[in-house]
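Engineer: To start, I am sharing the structure in question, which I have written as structure tokens.
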Amino acid sequence: MFIEPHINGACSGWIEIICGSMFSGKTEELIRRLNRAKIANMKTGIFKPGIDVRYDALHIVSHDDHSMEAVPVNHSHKIILLAGEAAVIGIDEAQFFDEELPQVCMKLACRGVRVIVAGLDTDFLGKPFGPMPHLLAQAEYITKLHAICTRCGNVANYSYRKIPNSDRIMLGEKDVYEPRCRKCYYAGDTI
């Protein structure tokens, strides 16, 4: 995909990805980075998928109950329309967005915007999730976070679904998912 550069001939922004399994601190890290941008008096815009209402419809919320006001959108192209003059854009739960999200992020970066995206890189089956693989390929900076395996205490990289349901998208918390290491994930009963 080719994105036409900004009028001055250069894309001066960039894309940062924060990825990992459930319970690894992705949203917490996104909130931390956005708070630092606000401390620097940078105008920010924060977006989340409209379907994610687990904690709050109008906030991104970490598992540690830190939150930040966000705009829910049902299609990624609305982010461009709502971004305004923001110098920093935060996008949470990117895996739930449509396949146009990478192009939206690239357009924003070419406008000079710092785009920070947080999301699951793999689904409960361990397969690449939604637009995340394309975002990872385009990003200048990638941070992979890990949780702690609830079975053995090792580094967890997988989101294990504890209940039988084969739907790819199923919102849930600790009642539905738990972080697991490779060994414990593949030792479990996969759905």
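Nothing in this text is a laboratory measurement; each read-out follows from the coordinates by a stated rule. If you're wondering where the values come from, they're calculated on a predicted model, not measured in any experiment. For neighbour counting, all protein chains shown are included, and Cβ atoms are generated from backbone atoms with ideal geometry for every residue, glycine included.
Engineer: Which value in Å is the Kirkwood Rh of segment 14-148 over different Cα pairs?
Structural biologist: This gives a value of 14.5 Å.
Engineer: Can you pull the one-decimal nm distance between simple spin-label points at Ala40 and Tyr186, each 7 Å off the Cα toward Cβ?
Structural biologist: 4.1
Engineer: Roughly how many nanometres apart are two label points built 7 Å out from the Cα toward the Cβ at Asp175 and Cys152?
Structural biologist: Placing both labels 7 Å beyond Cα along the Cβ direction yields 3.0 nm.
Engineer: Ranked by Cβ crowding within 10 angstrom, fewest neighbours first, how are Ser24, Ser159 ordered?
Structural biologist: The order, fewest Cβ neighbours first, is Ser24, Ser159.
Engineer: In addition: Rank the residues Ile79, Ile148 as a footprinting-exposure proxy: fewest other Cβ atoms within 10 Å of their Cβ go first.
Structural biologist: Ile148, Ile79
Engineer: Okay, next question. At a Cα cut-off below 28 Å, give the lysines reachable from Lys78, other chains included and same-chain residues fewer than 8 away excluded.
Structural biologist: Lys26, Lys38, Lys43, Lys48, Lys107, Lys127, Lys144
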